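S.K.: There's a structure below that I have some questions on.
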Amino acid sequence: MIKLQFGQLINALIISVLLISSVVMAAEIEPPVDMLKRVSDDVIKVLKEKREAIDADPNVVYQIVDEHILPHLDDVTLAKLALGKNWNKANNEQKIEFVDQFRTLLIRTYSKSLQEFRDQTINFSPLNVASGEDKVTVKSEVLQSGGPAIPVDYRLRLKDNEWKVYDIIIDGVSLVTNYRGTFTQEMRKGGIEAVLKMLQDKNARVAEKPVTPETTNSDESQQKS
């Protein structure tokens, strides 16, 4: 019978704990495609269950987005990429404010899209994640009756043992790149304070005039004319 010295026994126990911890940690990381499927299924289910409440009060969608979608967004990375090189021109307080305002804008944007979501289905393409890979792109299609399929790609990064979305590409248009152009224009006008003011004003307008289910693009154009 092999006898282990006390030090050897402690080392063996430490190695065993580390091995077990690494296995548990690896098992707890949900694959990116599985995560996106689960979240989309949950959101679609909630939308169907609360359709009457949403039709009566579109603000209900904000809560759905906050509870089911926002936790899976890497909002800080999203904000940094959207601001681009101008991120380093902001102080800590301005960065915190920008992330907060941009997060609010994303919630409003998601909410508007979900209000219009009815019978569409989402198909995700399979993806094999290589060992050690911490950034992936998941491709999907939104299928709608009477219309063409809309390609939607999700860029995700592994953060704190969870896959989180840091950019969304809809029909070839990147969310990050699209906002970056707008923010760059505002930076040229008045720096980071101009960007923050634009976001604050936009979020305030949306809060004052929530989009109602009955409002369509044609209705809005008639109101403006």
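S.K.: Could you check the range 89-99 and list, in sequence order, the residues that are in a helix (DSSP H, G or I) and modelled with pLDDT of 95 or more?
M.R.: Listed by number, the residues that qualify are ASN92, GLU93, GLN94, LYS95, ILE96, GLU97, PHE98, VAL99.
S.K.: Next question, about the same structure. Based on what the data block shows, is VAL129 of a type in the set (Val, Ile, Thr), assigned to a strand (DSSP E or B) and surrounded by 11 or more Cβ atoms within 10 Å (Cβ to Cβ)?
M.R.: no
S.K.: Criterion first (over 18 Å from VAL142 (Cα atoms), out of contact with any Leu (no Cβ under 8 Å at 6 or more places or on another chain) and either in a loop (DSSP other than H, G, I, E, B) or among the basic types (Lys, Arg) (or both)) does GLU30 satisfy it?
M.R.: Yes; evaluated as a whole, the condition is true for this residue.
S.K.: Right, next: Could you list, in sequence order, all residues of the range 62-97 that are more than 20 Å from GLY181 (Cα to Cα) and of a type in the set (Val, Ile, Thr)?
M.R.: ILE64, VAL65, ILE69, ILE96
S.K.: Given LEU158, LEU143, which one is surrounded by 12 or more Cβ atoms within 10 Å (Cβ to Cβ) and over 29 Å from ASP57 (Cα atoms)?
M.R.: On the way: LEU143 fails: over 29 Å from ASP57 (Cα atoms).
On inspection, the qualifying residue turns out to be LEU158.
S.K.: One residue is enough: does the range 154-175 have a residue meeting the conditions modelled with pLDDT under 95 and in a helix (DSSP H, G or I)?
M.R.: yes
S.K.: Consider ALA90 carefully, then state whether it is without any contact (Cβ under 8 Å) to a residue 40 or more places away in the chain and not charged (D, E, K, R).
M.R.: no
Residues checked against (1) in contact with a Cys (Cβ under 7 Å, 6 or more places away or on another chain); (2) closer than 23 Å to VAL152 by Cβ; (3) modelled with pLDDT under 90:
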{"residue": "LYS3", "(1), (2), (3)": "no, no, yes"}
{"residue": "PHE6", "(1), (2), (3)": "no, no, yes"}
{"residue": "ILE10", "(1), (2), (3)": "no, no, yes"}
{"residue": "SER21", "(1), (2), (3)": "no, no, yes"}
{"residue": "ASP34", "(1), (2), (3)": "no, yes, no"}
{"residue": "TYR62", "(1), (2), (3)": "no, yes, yes"}
{"residue": "PRO71", "(1), (2), (3)": "no, yes, no"}
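S.K.: With the checklist (1) surrounded by fewer than 18 Cβ atoms within 10 Å (Cβ to Cβ); (2) at pLDDT 90 or above; (3) not in a helix (DSSP H, G or I) in hand, flag the one item SER40 doesn't pass.
M.R.: Here SER40 clears every test but (3).
S.K.: Being under 13 Å from LEU106 (Cα atoms) and crowded, with 16+ Cβ neighbours inside 10 Å is the requirement here; does LEU73 meet it?
M.R.: yes
S.K.: Pairs only if they're at least six apart or on different chains, beta carbon under 9 angstrom, first in the range 126-147 and under 16 Å from LEU36 (Cα atoms), second surrounded by 15 or more Cβ atoms within 10 Å (Cβ to Cβ) and among the hydroxyl-bearing types (Ser, Thr, Tyr); list them, first residue then second.
M.R.: LYS135/TYR166; VAL136/TYR154; THR137/TYR154; VAL138/TYR154; LYS139/TYR154; SER140/SER40; SER140/TYR154
S.K.: Which residues, taken from the range 81-126, are among the hydroxyl-bearing types (Ser, Thr, Tyr), surrounded by fewer than 16 Cβ atoms within 10 Å (Cβ to Cβ) and farther than 20 Å from PRO148 by Cα?
M.R.: Answer for the range 81-126, where residues must be among the hydroxyl-bearing types (Ser, Thr, Tyr), surrounded by fewer than 16 Cβ atoms within 10 Å (Cβ to Cβ) and farther than 20 Å from PRO148 by Cα: just THR109.
The values are calculated or read from the model by the stated rules, or taken from the named source; none is laboratory data. Here the structure is a predicted model, which is why all the values come from computation and not from measurement. No Cβ is skipped: glycine too gets one built from the backbone with ideal geometry, and neighbour counts run over all protein chains shown.
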